[in-house]
Each structure stands twice: as C-alpha cells, then as structure tokens.
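J.: Once you've had a glance at the structure underneath, I'll fire off some questions.
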Amino acid sequence: MPRGSRAPLIIGSGIAGLYVALRSRELGLSPTIVTKSVLDEANTRYAQGGIAAAIGVGDSVDLHLRDTIRAGAGLVDRAAALRLTHEAPARIADLVRYGVPFDTVEGQIALGREAAHSRSRILHAGGDATGLRIEETLKARVLETDIEVRERTVLRRLDTGRDGIAATLSRPDGRDVEVVRGRPVVLATGGAGSLYRESSNPSIATGEGVAIAFRAGARIADMEFLQFHPTTFCRAGAPRFLLTEALRGEGAVLRGAGGERFMPRYHSAAELAPRDVVTRAIQSELVRTGARCVYLDATALPAERLFARFPTVCRFLAGYHLDPSRDRIPVVPAAHYMIGGVATDLEGHTSLPGLLACGEVTSTGVHGANRLASNSLLEGLVFGEHVARDLARPRRGRPPAPGRLLSLPVPAGEGHGLDRTVTTQVRDLLWDDVGIVREGGALEGAVRRLDALALRCEPSDPAGLPGPVANHVELARLIAWSALTRTESRGAHYRSDHPRSRARWRLHIGIGRTTTA
Ligand code: SIN
C-alpha cells in the first residue's frame, strides 16, 4: 500500500472524526485530524440526551431496528438500520473501553427513555452531559497517541485527480493555503443546524463539508429532511438551548399558555410521539393561539431526580432564574439535525474515489425521513468503524443510485464570498421559507433568492477558493431545491400544499453537480 494511503486525513473532530482516528490508529494507520476550531469544539459536545443501544433486559436489537424504521416514515434503508442497531452494543463496548463514564445504577449502565423508543435504551453520562463526556474522553485518548492534530485548519476545497482526492486547507482567515494530495480523505464535518435562524446547534455547525463535497462532484442526498427539535429554550436574547427529549422521557409534559396539555390531542403517544409529530404539534399550537412559546412542565418530577439527571439543563435555567422543579419552561422548536448529506454506502464510500464520509455529514438512508432520538451519536460510531476498517483494507464501493436525481449547476459568481450579512440572510430565509411547515410558493421564492446569492458569492474563477459564506449559500440551495422537489409530506419534511405522503415519493432525492452553469 503506498505510504499516503496509510495516512488518512480526517476532517472534523466530533464523535465520528475522533472515533475514526482512534480506530484507524489501532488498525496500524497514521491519521491526521483536521479541525476548524479546537479539537473538542464540535456539535457532539452539546448532545445531552444520550446514545441508543439495545443493551437492557427485555430489549433487543430487533426492537431497536423496528423503532428506527418506524420513526423514519417509510424511507429507512433497512440494511443501514440493521447495521446501526445490531452493531450498537459492540460500539458501546468500545466507548466503555476508551473510558466513557456512562451513568450507572447499582453497577449496571443506567438506561433512559426517549420519544418513539419502545424500550428504555438511552445511555447517558454526567446526567445530561453525554456528548461532552464522550468528546472529552475520545479527545483524551487521541492526545495519548501520536495522531497528528491540526486545529484551526479549514477544508477549503476538494479536487479529484489521478492520485485520488486533493484537499486544500487553510487557516480560518484564509492564510497558509496548502494542498494535500495522495491521502484518503474522511469527511466527518457534521451537520448544518446553525444555518437556520433558530437552532439548537453551536455556531460551528454550518455543514460546509457538504457544500465542498458537492462542488467537487460528490452526490448529495435527502437534503429536504432537516430535523427540528421540539423543545429549545425560548427567551428573548437567550440562545435556543436544547431541553433534552429525555426530560419528556422522564415524565415532563407540554402545556399551552393556559396550562392545558395538548399533545394527547395530536398523537396516542402524546409527548413521546416521534420528534416530527411533537414539533409540528407545537407549531400548530403557536399558530392557533398566537402564543410565542409553549411550556415544558417537569414540576411533577422529584426535584432531586431532576437535578441529578439533568444538571446541565438545571444549571443553564438557573442563569435565567428558572427552576424546573417549580417553574414551567418556555420552549419552541428549532433546527437540530441534518438527516441528508453526502451520499455514502454502508462502508462510507462516497461517489468520489478516495473520499469517505461518516456521521451527520452523510446520508446513508439510516434515518429515513426522520431520525429516532439518540441514534445520531451512534451513527458516528457504527459507520465510523466501517470507515476505519475500509481505510485499513480499502475496498471499492459507491452509494446506491437515488430514486430521483436533480442536477444543479454551481454558477461562476462574483466572488463576494466574505460578506457575512449573506449568512444572516440565509439563516432567515431557511427558517422563514424552508422551515417546519413549507409551501410551494415560498420554496420557489427561496430557491430564486438562493440562486441569486450563489451568483454573488461563488468565486468567478473555477480554480478559486470559495469562502464560508459561499458554502452556506450552496448548502441552503441544496436544502431548498430538495424541499421544492418533494411534493409530499413525509417525516421531517412537511408541505402545507401537499400534506400527505405519496407512494410515488417513497424514494430518495439525490443531487449531483452539473459541470457548467
Ligand atoms: C436530545 O437530547 O433531545 C437530543 C437527542 C438527539 O437529538 O438524538
């Protein structure tokens, strides 16, 4: 094997990137981690609820599989979900081996409940600090090895060539441009939630890996499925802080401003209905009543239990003089998780030889049209394991063909990719017109405006380096075009002008780049 192929370049340092780095090092490779911020600043760090695995008494990997498929609204790729759920216990054992301090009860790993899971199967750590504990632990293991870590280094573009993929890197301010050739590249750059004005994600979650892969010619899929989390904190001037689904799993309920519970009117599972159902129910209540928020009521839970199980949430709320054991918490939905992304097969192969991907940046079909809670950290591990194995013993593969393929050009633009006000426009536009409830006219307007913004922001020279703002516009275009194309409602994608699911849309929408504008 040539030397470079034993030295993968892993872009991103969330659970997927760190895990691939550790496992590929264990398999004898010499990976480098490239991260645009510092090593442990990734979306993973903010994950509260936990990580799902069927390890409890009375649970089974097949029940986890069934719940994953049910939540996915007819679009889950069964083979992907089988892999996710059946390999979950082994990947949890890896995390335990690396030292992740999962919470226990009487010596056994404690398991919580979350929406649309038929069993208690959510492992957590530090109560509601699961992502943080995982990120800290994996970071510590990485730092004990000789894995090279390049912080504050940004992927600027990918190019295909005779010796595989070339990755252009630079400092965040554009200095020190460098082209790395002849090494396999693993995209683990995460999701794009913060491209929406209202988002539970940290500001780094802008999905640029997808835009860069798309420009390089990689196939993208399922971009219309952007998942909204039902319960984020609502207070003027405050961040949309996540109030984990596990609170509802423990018995918290949702109430309108008048104090009435409304979820039983929307679904037999009430507050434990699938995430898209709860999100839309809240949205309907807001429209129906004209209220600014609804309320998460955990006051029936014992105070000690609340403080022990949800210390992060309680600490955050204390900063706003709220105590969830006494006060109802104002909440609204916000953008949370990108179900679509760079299309891959189950080993992480993209449509570009030499480019692999895993975690939230990908679309494997594992979540269908709606991801089951706490399957996302798991996805990074399970598919990350196969990427690591493939890096050690490369095999050929490519993602399956989508049922419908859109071809989109990337225009030669005017190169004004540094205007940050454009990102603000994109965030407003996505939230207002490509949000929880979508409609054809608004989507057409969004597509028109985003195409115009792409003309402004893409570099005029095809060999130029697009800036982050151009990536934000490109990614938003992919979401808006996909949402306009899918003329039905399914899972996280809801169209008021096409409110039902249609059999003919039981397919994935892929997007490929056309070579000319
Ligand atoms: C949560 O804690 O509610 C988020 C978990 C997830 O997105 O899976």
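The values are calculated or read from the model by the stated rules, or taken from the named source; none is laboratory data. Bear in mind the structure is a predicted one, so any value in this text is a computation, not a measurement. Please note: Cβ atoms are built from the backbone with ideal geometry, for glycine as well, and neighbour counts cover all protein chains shown. These accessible areas exclude ligands, DNA and RNA; they are computed on the full protein's heavy atoms, side chains included. Shrake-Rupley method; radii C 1.70, N 1.55, O 1.52, S 1.80 Å.
J.: Could you list, in sequence order, all residues of segment 298-311 that are within 20 Å of Gly256 (Cβ to Cβ) and either of a type in the set (Phe, Trp, Tyr) or crowded, with 22+ Cβ neighbours inside 10 Å (or both)?
T.: Ala298
J.: Turning to a different aspect of this structure: Does Val76 fit the bill of being within 16 Å of the ligand (Cβ to nearest atom), out of contact with any Phe, Trp or Tyr (no Cβ under 6 Å at 6 or more places or on another chain), in a loop (DSSP other than H, G, I, E, B) and modelled with pLDDT of 95 or more?
T.: yes
J.: Please identify the pairs in which a residue from segment 227-244 that is open to solvent by 50 Å² or more (accessible area, probe 1.4 Å) has its Cβ atom under 7 Å from the Cβ atom of a residue that is more than 16 Å from the ligand (Cβ to nearest atom), counting only partners at least 6 apart or on another chain.
T.: Taking only residues 6 or more apart or on different chains, the pairs are Arg235/Tyr320; Arg235/Pro330.
J.: Only one of these conditions is not met by Gly354: (1) in contact with a Cys (Cβ under 6 Å, 6 or more places away or on another chain); (2) on the phi > 0 side of the Ramachandran plot. Which number is it?
T.: (1)
J.: Quick check: is even one residue across segment 8-18 touching a residue at least 60 places away in the same chain (Cβ under 8 Å), surrounded by fewer than 24 Cβ atoms within 10 Å (Cβ to Cβ) and not in a loop (DSSP other than H, G, I, E, B)?
T.: yes
J.: Six or more apart or on different chains, Cβ under 6 Å: which pairs go from a residue in segment 46-63 that's part of a helix (DSSP H, G or I) to one that's open to solvent by less than 40 Å² (accessible area, probe 1.4 Å) and within 13 Å of the ligand (Cβ to nearest atom)? Could you list them?
T.: Tyr46/Gly131
J.: With respect to the numbered conditions (1) open to solvent by less than 30 Å² (accessible area, probe 1.4 Å); (2) modelled with pLDDT of 95 or more; (3) over 21 Å from the mean Cα position of the chain (by Cα), which one is the sole condition not fulfilled by Gly4?
T.: Among (1) open to solvent by less than 30 Å² (accessible area, probe 1.4 Å); (2) modelled with pLDDT of 95 or more; (3) over 21 Å from the mean Cα position of the chain (by Cα), the lone unmet condition for Gly4 is (2).
J.: Scanning for something in a loop (DSSP other than H, G, I, E, B), farther than 25 Å from Ser203 by Cβ and either within 15 Å of the ligand (Cβ to nearest atom) or in contact (Cβ under 8 Å) with a residue 12 or more places away in the chain (or both), does segment 280-287 turn up at least one residue?
T.: no
J.: Let me ask something else. Within the bounds of segment 434-442, is there any residue that is basic (Lys, Arg) and touching a strand residue (DSSP E or B) at 6+ places or on another chain (Cβ under 7 Å)?
T.: yes
J.: Considering segment 362-385 alone, what residues qualify as being outside any strand (DSSP E or B) and among the hydroxyl-bearing types (Ser, Thr, Tyr)?
T.: Result: Thr364, Ser374, Ser376.
J.: Evaluate segment 276-298: report whether one residue or more is at pLDDT below 95 and within 28 Å of Pro399 (Cβ to Cβ).
T.: Within segment 276-298, one or more residues are at pLDDT below 95 and within 28 Å of Pro399 (Cβ to Cβ).
J.: For segment 307-325, enumerate the residues that are of a type in the set (A, V, I, L, M) and in contact (Cβ under 8 Å) with a residue 40 or more places away in the chain.
T.: Ala308, Val313, Leu317 - these are the residues of segment 307-325 that are of a type in the set (A, V, I, L, M) and in contact (Cβ under 8 Å) with a residue 40 or more places away in the chain.
J.: Please go through (1) part of a loop (DSSP other than H, G, I, E, B); (2) within 16 Å of the ligand (Cβ to nearest atom); (3) hydroxyl-bearing (Ser, Thr, Tyr) for Thr232 and return the number of the only condition it doesn't satisfy.
T.: Checking Thr232 against (1) part of a loop (DSSP other than H, G, I, E, B); (2) within 16 Å of the ligand (Cβ to nearest atom); (3) hydroxyl-bearing (Ser, Thr, Tyr), the one that fails is (1).
J.: If a residue must be of a type in the set (Asp, Glu) and either away from the ligand (no atom under 14 Å from the Cβ) or open to solvent by 50 Å² or more (accessible area, probe 1.4 Å) (or both), how many such residues does segment 253-279 contain?
T.: 1
J.: Quick check on segment 235-247: of everything there that is in contact with a Pro (Cβ under 9 Å, 6 or more places away or on another chain) and assigned to a helix (DSSP H, G or I), which residue is nearest to the ligand (Cβ to nearest atom)?
T.: Restricting to residues being in contact with a Pro (Cβ under 9 Å, 6 or more places away or on another chain) and assigned to a helix (DSSP H, G or I), the top hit is Glu245.
J.: Pick from segment 348-357 the residues that are farther than 18 Å from His508 by Cβ and in a loop (DSSP other than H, G, I, E, B): which of them is most open to solvent (accessible area, probe 1.4 Å)?
T.: In this case the residue turns out to be Pro353.
Conditions (1) outside any strand (DSSP E or B); (2) within 23 Å of the chain's Cα centre (by Cα), marked per residue:
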position	(1), (2)
Arg119	yes, no
Thr137	yes, yes
Asp159	no, no
Pro172	yes, yes
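J.: Would you check which residues across segment 24-41 are part of a loop (DSSP other than H, G, I, E, B) and either of a type in the set (Lys, Arg) or closer than 20 Å to Glu245 by Cα (or both) and list them?
T.: The answer is Lys36, and nothing else.
J.: Being closer than 19 Å to Ala246 by Cα and either small (Gly, Ala, Ser) or modelled with pLDDT of 95 or more (or both): is that true of Ala110 here?
T.: Judged against the criteria, Ala110 is a match.
J.: If you go through segment 327-371 one residue at a time, how many are aliphatic (A, V, I, L, M), under 12 Å from the mean Cα position of the chain (by Cα) and within 15 Å of the ligand (Cβ to nearest atom)?
T.: The total comes to 3.
J.: Here is a further query. Can you work out which of the residues in segment 312-333 that are assigned to a helix (DSSP H, G or I) and among the hydrophobic types (A, V, I, L, M, F, W, C) is surrounded by the most Cβ atoms within 10 Å (Cβ to Cβ)?
T.: Ranking the candidates gives Val313 first.
J.: Still on this structure, please answer the following. Does Leu123 qualify as being farther than 30 Å from Pro311 by Cα and of a type in the set (A, V, I, L, M, F, W, C)?
T.: Against the criterion (farther than 30 Å from Pro311 by Cα and of a type in the set (A, V, I, L, M, F, W, C)), Leu123 does not qualify.
J.: Going by what's in this entry, would Ala388 be described as away from the ligand (no atom under 16 Å from the Cβ), buried (at least 23 other Cβ atoms within 10 Å of the Cβ) and part of a helix (DSSP H, G or I)?
T.: In short, yes.
J.: Still on this structure: Could you pull out the residue among Arg133, Arg113 that is within 14 Å of the ligand (Cβ to nearest atom), open to solvent by 30 Å² or more (accessible area, probe 1.4 Å) and more than 16 Å from Ile15 (Cβ to Cβ)?
T.: Result of the check over Arg133, Arg113: Arg113.
J.: A further question follows. Is there a residue in segment 31-43 that is in contact with a helix residue (DSSP H, G or I) (Cβ under 9 Å, 6 or more places away or on another chain), within 16 Å of the ligand (Cβ to nearest atom) and touching a residue at least 12 places away in the same chain (Cβ under 8 Å)?
T.: Yes, because at least one residue in segment 31-43 is in contact with a helix residue (DSSP H, G or I) (Cβ under 9 Å, 6 or more places away or on another chain), within 16 Å of the ligand (Cβ to nearest atom) and touching a residue at least 12 places away in the same chain (Cβ under 8 Å).
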